[in-house]
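The values are calculated or read from the model by the stated rules, or taken from the named source; none is laboratory data. Quick caveat: nothing in here was measured; it's all calculated off a predicted structure. Cβ placement follows ideal geometry from the backbone for every residue including glycine, while neighbour counts extend to all protein chains displayed. Calculation scope for accessible area: heavy atoms of the full protein, side chains included, ligands and nucleic acids excluded. Shrake-Rupley method; radii C 1.70, N 1.55, O 1.52, S 1.80 Å.
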Amino acid sequence: MKPVDKKIYLASKSPRRRELLRQVGIDFELLLLRNDGPRGADVTEEVLPGEAPLDYVARVAKEKAVFAADLVVRRRMAPRPVLSADTTVTIDGAILGKPATPAEAIAMLQQLSGRTHQVLTAIAVESAGFSAQITQVSEVRFGTLSPAAIAAYCATAEPYDKAGAYGIQGPAAAFIEHIAGSHSGIMGLPIYETVQLLRQAGLPLP
């Protein structure tokens, strides 16, 4: 079945992803999944034993999209493509998630200081008769960060809802010496790849 309008469902709580979709004129309705509660999370974001970073982001994005698409069917909502995404930071083969404490945030930024790391963002689109995903990989090099700069940044709210304890769109932009890849992908949604998948799913984009 073709989408009934030019809108999608966005299965993400990220304000940055909403901002990026608006930037390119893609209309969306939020379809939020539970992170916790009596029945637990709708989709767990825990890393499986031995799971590689690329496998991890692809799996989580896919599971979110599939779960959200099933909700659309069960709730008899208007048929539209469902978009989900997951972003992680990796260095030395390790996955750096969202820090829960200042100590975790400081440790992550110390690990990234003066080095190149990878930002992986997987996107997944589910629609009637269509299922696809792409993982975009970018490289980011930090300059050497002073203990004072790290402490000042971690004293703000900035690091705590972001993989790797930083966001390229905020004050941490001052930490970044070089990037290779997708700026929007580092923010959490690679726009070029997203538009390609949504077109393939039948969304009438120019």
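Some values worked out for this structure:
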read-out	value
Candidates Val43, Val73 - the one that is open to solvent by less than 70 Å² (accessible area, probe 1.4 Å), of a type outside the set (Phe, Trp, Tyr) and either at pLDDT below 95 or in contact with a Cys (Cβ under 6 Å, 6 or more places away or on another chain) (or both)	Val43
Region 104-139, residues that are of a type outside the set (D, E, K, R) and over 29 Å from Ala157 (Cβ atoms)	Val125, Ser127, Ala128, Gly129, Phe130, Ser131, Ala132, Gln133, Ile134
Exclusive hit being farther than 25 Å from Leu21 by Cα and touching a Lys or Arg at 6+ places or on another chain (Cβ under 8 Å), set Ile106, Ile91	Ile91
Positions within region 39-89 being within 16 Å of Ser12 (Cβ to Cβ), free of Cβ contacts under 8 Å to residues at least 24 places away in the same chain and acidic (Asp, Glu), in sequence order	Glu63
Residue tally, condition surrounded by 14 or more Cβ atoms within 10 Å (Cβ to Cβ), at negative phi, at pLDDT 95 or above and of a type in the set (A, V, I, L, M, F, W, C), over region 152-167	1
Search result, residues across region 141-174 that are farther than 12 Å from Ile186 by Cα, touching a strand residue (DSSP E or B) at 6+ places or on another chain (Cβ under 7 Å) and part of a loop (DSSP other than H, G, I, E, B)	Gly143
Failed item, numbered, when Ala103 is tested on (1) of a type outside the set (Phe, Trp, Tyr); (2) under 18 Å from Thr87 (Cα atoms); (3) open to solvent by 20 Å² or more (accessible area, probe 1.4 Å)	(2)
Filter pass, Leu33 being touching a residue at least 12 places away in the same chain (Cβ under 8 Å) and over 30 Å from Arg141 (Cα atoms)	yes
Positions within region 171-206 being farther than 17 Å from Ile123 by Cα and open to solvent by less than 20 Å² (accessible area, probe 1.4 Å), in sequence order	Ala172
Region 124-149 - residue that is of a type in the set (Val, Ile, Thr) and in contact (Cβ under 8 Å) with a residue 40 or more places away in the chain and, of those, most open to solvent (accessible area, probe 1.4 Å)	Val137
